[in-house]
1. Extension gain SER57-GLU32, at 0.36 nm per residue separation less the Cα-Cα distance, in nm?
2. Any idea of the accessible area per residue across the chain, 1.4 Å probe, to the nearest Å²?
3. So how tilted is helix 8-25 from the main axis of the chain? Cα-based, degrees 0 to 90, rounded to 10.
4. With runs of 4+ DSSP H residues as the only contributors, calculate the mean residue ellipticity of the chain at 222 nm using -39,500 (n - 2.57) per run, divided by the residue total and rounded to the nearest 500.
5. Can you divide the C-alpha Rg of the chain by 2.2 N^0.38 Å and report the result to two decimal places?
6. Can you put VAL71, VAL51, VAL79 in order of accessible area, largest first, using a 1.4 Å probe?
Amino acid sequence: MRKIEWTNRARKEFDNTFNFWINHNKSDSYSERLLDETLKKINLIAENPLVGEIVSSNSRRVLVLENFSIVYRANKNSVKINAFFDNRRNPNSL
């Protein structure tokens, strides 16, 4: 299995999204589900880095709960998560 590395940007984006949904819903149940599904996708990527949709010459994307995306790059030994974002946001704001 490949080593997973998060960029600072991706980690911040995930943390902000996780905390937004806790505050928005006044509950942590959706955020916990988001975390669980994100971890499942990351494990899937680590085992099979070609699973994601190609979004550029070096990057791929997988969906999490239909509304979120993980953008990553993989090599022989590792997977670098470059972004985590809400698909409902304007892509130009990323």
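1. Numbers: separation 25, 0.36 × 25 = 9.00 nm, distance 3.26 nm.
Length difference between fully extended and current span is 5.7 nm.
2. Numbers: 6060 Å² over 94 residues.
In whole numbers, the chain has 64 Å² accessible per residue.
3. 30 degrees
4. On the way: 2 runs with 37 residues, N = 94.
That comes out to -13500 deg cm²/dmol.
5. Working: Rg = 13.1 Å, N = 94, 2.2 N^0.38 = 12.4 Å.
Output field value: 1.06.
6. Details: VAL71 25, VAL51 65, VAL79 0 Å².
My answer, sorted largest first, is VAL51, VAL71, VAL79.
The values are calculated or read from the model by the stated rules, or taken from the named source; none is laboratory data. Computed from a predicted structure; not experimentally measured. These accessible areas exclude ligands, DNA and RNA; they are computed on the full protein's heavy atoms, side chains included. Shrake-Rupley method; radii C 1.70, N 1.55, O 1.52, S 1.80 Å.
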